[in-house]
Amino acid sequence: MSDASQRCELARISEQYPDICDKLLTPKEAVARYVKNESMIAIGGFTINRNPMALIYEMVRQRVRDLHLVAHSNGQGLDVLVGAGCVRRLEVAYGGNGRFAPTCFRFRKAVERGELLVEDYSNYQMTLRFLAGALSVPFVPTKSGLQTDLVRYEGFSEEMRAAECLPKKKLIVTPNPFGTDGDDVLLLPALTPDVTLLHAQYVGDDGTVRIKGLSFADLEQAKAAGAVIVSCEEIVPRWYLRQDPDQNCLPPFLVDAYVLAPYGAHPTACHYFYDYDPAHLNMYKVMAKDDAQWQRYLDEWVYGVADHEDYLDKVGGSALMRIRADSVLGFAPGLDRR
Amino acid sequence: MREEDIVPNTETQVLQYTSREMMAIAAGRFIRNGDVLFAGTGVAMLAACVAKRIHAPKAVVFFETGGIDPALTELPLAVADPRVMDETSMNSGLIESFSIVAHRKLHTIAFLGAAQVDRYGNLNSTCIGDYHKPTVRFSGSGGACDAGSLASAFIVFMQHGRRKFVEQLDYLTTPGWLTGGDSRRAAGFARGGPIAVVSDLGVMKFREDSKEMYLAEYYPGVTIDEILEHTGFQLDASDAVEAIPPNEKELRILRTNVDPQRLILG
């Protein structure tokens, strides 16, 4: 057992955090308990920022299969899960990673090879669908996407939808029931993932969650989910979070498991803690392009490491130092990002 | 592709610049004080930064991820780059950012890239070939369909080429003027539509009534024939004029202030 797992175990035994001790798990325990084969999952973050990578690598190590991933623009986390063969069905708005991958490499290969069932939506549409799930309504209207091929083409057939208990249709175009003729809207089915996994900066010792910087659609994703796993950089005294509650974003009773995982979003960024890791993302870019090299990447960086702590040892102190965020700016100024 | 081309300036004092620099500056000229800009990364980011530093300091840049009016002291490489969260007016999320894109009292301009564009400014950023068995898969809509649907206007960035300026899109991801004329309004969109396509060869706009694309400007050193040759559909060039080349100040700010590491300029 690594030091990180020991620290979690110790915290639990010593009841250092008595109010969350039964929810405080190692990545291994959290994934084993909540993520099953065929689960519908959502992951927090956006492209190169605050993806719950420690939990994602753990899903890969546990060889979770046939996941139904519902994503807006999850970038790095999405590409690793797809590339490792964990995902069978994907609802997605964007499979890219900014300048590090105009189109994510493993995502692209998997779609072109027909290894993945894909249903396309837009970012706003996916976010609205999470919001509908969070509000416990069955669908949500929008004006975005009328007359596009997002409406014309269905990735999941109606037979498959019926067989797998999914919403009957991808979406429905209908006249605004409150309006006049020719005022169409799209109705989008709500999303209620079995599990949402996200990475936050702070968890209070009472279980309150605080995210710094942009929250993306993390909170809608969390509120729509049956179970929520939050990994975090730090567990801090509750008074620290409760003296400025306006900054907090999830109450303890919405979260099912907490995982203490410093640098748990690496190689994506975590505002005020570390920047994204350009060197790692550039290496990823090279290795993900080629099947054999990709297998090597997984062997070396995921299967070949026992747990998150082992992973950080492999990344190395100097690499982590380079991306360490300036405590005022929240990122690493002057970082070599070429 | 054409990134390496150095386009000579025709004036006596010869300034050298790349096609990417010309694109950033040409697109920046569409930005006015008070505009609220939905920016992607890449050349769009450069255009917004140059405009803000030169002629439109009161334009506001925001990102679909939720960062509103960041300081942008360093260039973001993705819309979720922590640099879009720095010294913002506020940090929010996707729901908030799309409510801004669609806000009826704002003049919002979105900058979008794509793999293909057609004569009505509809965009494909999803795939080439059959959707269910694509020969090439791209990233997908992201926020492009949303911004194209909801913003007051949008501007497209493209590399010119016959496989990019196409008669028929392989997949319509983002609604432009749809089938032209009044079709966009008829579809149920209250406003919006593409106002320009900025390529590495010139600037295209859309006719008032038909909504068909036409060549408005060709860059110095580029011929109209060259542009027509690289366009996969009939492009009306009857009103084309030569674009004003970048001036010394624009280039200086772009190179020394906006992208000194040449992360996007290359």
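Which of the peptides B:49-56, A:76-83, A:248-255 is most tightly packed, and how do the rest follow, judged by the mean count of other Cβ atoms within 10 Å per residue?
Going from most to least packed, we get A:76-83, B:49-56, A:248-255.
What lysines does B:Lys133 reach when the alpha-carbon gap must be under 30 Å and sequence neighbours fewer than 8 apart in one chain are set aside?
Those lysines meeting the cut-off are A:Lys36, A:Lys109, A:Lys143, A:Lys168, A:Lys169, A:Lys170, A:Lys285, A:Lys289, B:Lys164.
About the Cα centre, and with charges only on the beta carbon of Lys, Arg (+1) and Asp, Glu (-1), how big is the dipole of chain B? Nearest 20 debye, please.
Charge dipole, chain B, about its Cα centre: 600 debye, nearest 20.
DSSP loop (so not H, G, I, E, B), at most 15 other Cβ within 10 Å: list which trypsin sites (Lys or Arg not before Pro) in segment B:134-225 pass both filters.
Loop-located and lightly packed - B:Arg162, B:Arg163, B:Arg191, B:Arg207.
Any idea what diffusion coefficient segment B:41-176 gets from Stokes-Einstein, in µm²/s, Kirkwood Rh on alpha carbon pairs, 4 °C, 1.567 mPa s?
Details: Rh = 15.8 Å.
It diffuses with D of about 82 µm²/s by this estimate.
In cubic angstrom, how much convex hull volume per residue do the alpha carbon atoms of chain B span?
Value for chain B: 128 Å³ per residue.
Enter the Cα centre distance for the pair segment B:19-65 and segment A:172-246, rounded to the nearest angstrom.
Using only Cα atoms, the two centres lie 31 Å from each other.
If you project the alpha carbons of segment A:139-189 onto their three principal axes, what span does each projection cover, largest first, in Å?
Dimensions of segment A:139-189 along the principal axes of its Cα atoms: 37, 20, 14 Å.
For segment B:3-140, calculate the relative contact order in percent as a whole number, restricting contacts to Cα pairs under 8 Å that are 6 or more residues apart.
Once divided by the residue count of segment B:3-140, the mean separation gives 17 percent.
Give me the distance in nm between label points sitting 7 Å out from Cα along the Cα-to-Cβ direction at B:Arg185 and A:Gln16, one decimal.
It works out to 6.6 nm between the two label points.
Would you work out the relative contact order for chain A, in percent, from Cα pairs under 8 angstrom that are 6 or more residues apart?
Relative CO of chain A lands at 19 percent.
Using DSSP to call loops (not H, G, I, E or B), can you name the trypsin sites (Lys or Arg not before Pro) in segment A:94-177 whose Cβ has at most 15 other Cβ atoms within 10 angstrom?
The qualifying sites are A:Arg113, A:Lys168, A:Lys169.
Simple spin-label model, 7 Å along Cα-to-Cβ: B:Asn257 to B:Val136 in nm?
3.7 nm
When the dipole is taken about the Cα centre of the protein assembly as shown, and only Lys, Arg (+1) and Asp, Glu (-1) are charged at their Cβ, what size is it in debye, to the nearest 20?
Dipole of the protein assembly as shown, to the nearest 20 debye: 200 debye.
Residue farthest toward the positive end of the dipole of the protein assembly as shown, with Cβ of Lys/Arg at +1 and Asp/Glu at -1: which of A:Ala225, B:Ala115, B:Ser183?
Projecting each Cα onto the dipole axis, the largest value belongs to B:Ser183.
Given 10 °C and 1.306 mPa s, how large is the Stokes-Einstein diffusion coefficient of segment B:154-230 in µm²/s, with Rh as the Kirkwood radius over Cα pairs?
Rounded, D is 119 µm²/s.
For the pair B:Ile195/A:Ala162, report the inter-label distance in nm, with labels modelled 7 Å from Cα in the Cβ direction.
Here the modelled spin labels are 4.9 nm apart.
Name the residue, out of A:Phe107, A:Phe178, A:Phe130, whose mean-square fluctuation peaks in a Gaussian network model built on chain A with Cα pairs under 10 Å.
For chain A, modelled as a Gaussian network with Cα springs under 10 Å, the answer is A:Phe178.
For the protein assembly as shown, with the dipole built from +1 on Lys and Arg beta-carbon atoms and -1 on Asp and Glu ones, taken about the Cα centre, which of A:Ala325, A:Cys270, A:Val255 lies farthest toward the positive end?
So the residue furthest toward the plus end is A:Val255.
Can you work out ³J(HN,Hα) from phi for every residue in segment A:242-258, in order, using Karplus 6.51 cos²θ - 1.76 cosθ + 1.60 and θ = phi - 60°, giving whole Hz and x for Gly and Pro?
With coefficients 6.51, -1.76 and 1.60, one gets 7, 7, 9, x, 4, 8, 8, 10, 9, x, x, 5, 8, 10, 9, 8, 10 Hz.
Hey, what did segment A:139-189 get for relative contact order, percent, Cα under 8 Å, at least 6 apart?
Reported as a whole number, the value is 48 percent.
Please give the charge dipole size of chain A, origin at the Cα centre, charges +1 on K and R Cβ atoms and -1 on D and E Cβ atoms. Round to the nearest 20 debye. Don't jump to the answer; show the numbers that get you there.
Working: 37 positive and 45 negative charges, 109 e Å.
Dipole about the Cα centre, nearest 20: 520 debye.
If R₀ is 22 angstrom, what is the calculated FRET efficiency for the pair B:Glu248 and B:Arg32, using the beta carbon separation as r and rounding to 0.05?
0.45
Run through all the Cα pairs of the protein assembly as shown and give the fraction in each 20 Å bin from 0, expressed as whole percent.
Calculated over all Cα pairs of the protein assembly as shown, the distribution is 21, 55, 23, 2, 0 percent.
Among B:Asn124, A:Val92, A:Thr174, which residue has its Cα furthest toward the positive end of the charge dipole of the protein assembly as shown, with +1 on Lys/Arg Cβ and -1 on Asp/Glu Cβ?
The Cα lying farthest towards the positive end belongs to A:Thr174.
Between segment B:145-162 and segment A:25-50, what is the C-alpha centre distance in whole Å?
Computed from Cα coordinates, the inter-centre distance equals 35 Å.
Rounded to whole Å and sorted largest first, list the principal axis extents of the Cα atoms in segment A:171-323.
62, 48, 26
Loop sites only, by DSSP: take the GluC sites (Glu not before Pro) in chain A that have at most 15 other C-beta atoms within 10 Å and name the longest stretch containing none of them.
Counting only loop sites that pass the neighbour cut-off, the longest clear stretch is A:165-338.
At 222 nm, what value in deg cm²/dmol follows for the protein assembly as shown if DSSP H runs of at least 4 each add -39500 (n - 2.57) and the sum is divided by all its residues, to the nearest 500?
-7500 deg cm²/dmol
Between the DSSP loop rule and a limit of at most 16 other Cβ atoms within 10 Å, which chymotrypsin sites (Phe, Trp or Tyr not before Pro) in segment B:166-266 are left?
Values: sites: B:Tyr171, B:Trp177, B:Phe189, B:Phe206, B:Tyr214, B:Tyr218, B:Phe233; in loops: B:Tyr171, B:Trp177, B:Phe189, B:Phe233.
Within segment B:166-266, the qualifying chymotrypsin sites (Phe, Trp or Tyr not before Pro) (loop, at most 16 other Cβ atoms within 10 Å) are B:Phe233.
Each value in this text was obtained by applying a stated rule to the coordinates, not by laboratory testing. None of the values given here were measured: they were computed from a predicted structure. Reconstructed Cβ throughout: ideal geometry from the backbone, glycine too, with neighbour counts over all protein chains shown.
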